[in-house]
Amino acid sequence: MTPQQAARRAMALTLGFDVFIAVCAMGFSGLLIWSSENPRPEFPVSSIAISTCFFALAVTVAFLILGIQKQVWRHMGWPDAVRVFQGVCLSALIYLPVMLMLNGLLATPYTTLTSALIIWTIGLFIGRMFALSRTTHAPFQIFSPIAKNGQPVLLVGDSQSCVHVIRRLQSSAQTNRIRLLGLVDVQPTETGRAIRGIPILGSLDELGDLIDVLAVRYKQTPWVALTGTARQRDKTIRILEIASDHGAEIMALSKDQTAQVLEPVRPSDLLSRPERHLNIEPVRNLVAGSNVLVSGGGGTIGSELTRQVARLNPASLTVMDASEYNLYSIDMELSRLLPGRHQARLGDVRDMKRVSDIMAHAKPDVVIHAAALKHVPLMERNLCEAILTNVFGAVNAAEAAAAAGAKRFVFISTDKAVDPDNVMGATKRLAEIAISRIASRTGMAASIVRFGNVLGSSGSVVPLFERQIAEGGPITLTDPGVTRYFMTVEEASALVLQSAAIQDKTAQTGLYVLDMGEPMPILQLAETMIRMKGLVPGVDIQITTTGLREGEKMHEALTYEHEAVSSTTVDGVWQVENVHTLSELFDKRLAELIEAASRRERSEALRLLGVLVPEYASERAERARRWSA
């Protein structure tokens, strides 16, 4: 049976039930009126038969006119209840002229009709409420009214997801702000029917025409809201293309199912892989009851890390950051999430004395080092600052953590540390090596996490593109062929915590990456973000190219070619072989590098960086030297 045939069969059964209840109601009403008369006359068989036949005909015509057979009973709402009342009234209006013409053939027609309408209405709602109770266990939701004004919305998704969304929207504060005009089923099985009073208008193939029709009818282009399977990447991109061509803005339901807030589709919805939701239990076992310290805890990744840690019931949480405003912001959040068990400490990781003091007071069991300078072109021009923060700061944090008795140390690295072509990547690669050396010397268990680009983090392309779109364009790309690995800030933070839980071997360092699927073309990201606003790339918003900046690569990698990758106990997290063959002069050269950077001797610092990180070739160092002022 095809979906269309199943829908027609369901509508026929619905109409058949309503007419059957009408027949029973009229027959029972006639019997009831006859039995209440005193003295009781001869049983009016012909009168009851005639009135029942014509009443059934009137009901059939009225319900077909109003389309009541299209209602899906298990998902009924207030609009459906109103429609049923309208159907009862229209049936009575159609039957009345017939009843007047047949007045001589009918016994007590007015009394019989009145009681029949009451009995029939009760029967209609009992049937519908019984069906509703089997799905919602709340049959009286059918009588919960919804507003008729607000932002017009066209909901796109599979029918089951739409049911849950409509039910929650109709019982939440969103009711007064959103007006659902109809549903578009990505797997059309019940086209032409209605769910809780909201009609199923068609399939994805008809989405463009539906937007145009609704925009004319309501004098306002509706939002297109996505739910369920419509949020799968391939379907989301298709819907974005259709909606933007017709001037509609794309929205999605928030992950908070209790709030059901409509929010713009996030760039993370367009990752070429499902968003990773890692197992939190090993992390909970590590964090619960432990003292945790996060350096750089006010940044995009650092602040999300502190939130996730705070939810895992640590004994204490210390946040260190060099930015007063960032530290203040996360301190206010932690006052709600972890009252009385957190500390905010202002300090620079370059200041060894300050870092040591903070570590000594916090006595952390777990240290997460998120403090870093990450903007590639800026670091090309400020290489000494990059060395002092990304290398010296990481060394300070690791040494101080070991001295304070920390059992675990987690360092956040980057995919730019693989075959580095820029100062930022080279400093991160050097920090990886230095931390591995400190861990083996001090007996501390260390883990290193390599990230791709974190969507929405400060300095990333997503906030830049959003600002350029808001200003009317153009969007600037360095090169249309550039690709990057992307991950959400939630994924990045979870990966950091997972790595700390996995690597528990003392005096060893584990290097971890997330299975990030295929890299995303930056051009595709830019075009998609334009379409998210209901605009057309190249028409409403132009895209221009500026050329690669110093230190930038066309493509990034998560591992070196010689690094072996193996699976871990956590699905989606890979461990990378982390073997370093170091010169006996490594510690001396590292100290010389830090000293040169401290004296702001750019040429010498750059030379030593190339010596310590051989991949950072001499021609790259020469190019960076020319850019240094």
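What follows draws every value from the coordinates through simple rules; no lab data is involved. All values reported here derive from a predicted model rather than from experimental measurement. Heads up, the Cβs are rebuilt from the backbone with ideal geometry, glycines too, and the neighbour counts pull from every protein chain shown.
The table below gives the values:
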| read-out | value |
| --- | --- |
| Furthest towards positive pole of dipole, His342, Met424, Val539, structure part the range 280-618, Cβ charges | His342 |
| Cross-link pairs Lys353/Lys416; Lys235/Lys374; Lys353/Lys553; Lys505/Lys553; Lys363/Lys553 - those with Cα-Cα distance over 32 Å | Lys235/Lys374; Lys353/Lys553; Lys505/Lys553; Lys363/Lys553 |
| Check: the range 207-251 dipole with +1 on Lys, Arg Cβ and -1 on Asp, Glu Cβ, in debye | 180 debye |
| Sparse-neighbour loop sites [GluC sites (Glu not before Pro); the range 426-521; at most 16 other C-beta within 10 Å; DSSP] | Glu471 |
| Residues Phe20 and Glu206, FRET efficiency given R0 of 51 Å [Cβ-Cβ distance, rounded to 0.05] | 0.90 |
| Length released on extending from Thr545 to Leu378, taking residue separation times 0.36 nm less the Cα-Cα span | 58.2 nm |
| Packing-based ranking, highest mean first, of 13-25, 524-536 given that Cβ atoms within 10 Å are counted | 524-536, 13-25 |
| Length released on extending from Gln343 to Ser133, taking residue separation times 0.36 nm less the Cα-Cα span | 70.5 nm |
| Efficiency of FRET from Cβ geometry, Asp245 and Ala591, R₀ 56 Å, rounded to 0.05 | 0.40 |
| Cα centroid separation - the range 507-574 against the range 208-241, whole Å | 27 Å |
| Gained length - Asn285 relative to Asp357, 0.36 nm times residue gap less alpha-carbon distance | 23.2 nm |
| Cβ-based net charge around Ser91, under 13 Å, with every Lys or Arg adding one and every Asp or Glu removing one | 0 |
| In nm, spacing of pseudo-spin labels at Arg600 and Val565 (7 Å Cα→C-beta vector) | 4.2 nm |
| Two-site FRET efficiency, Met554 against Tyr328, from Cβ-Cβ distance with R₀ of 51 Å, rounded to 0.05 | 0.80 |
| Approximate spin-label separation Arg9-Val536, in nm, with each point projected 7 Å along Cα-to-Cβ | 4.4 nm |
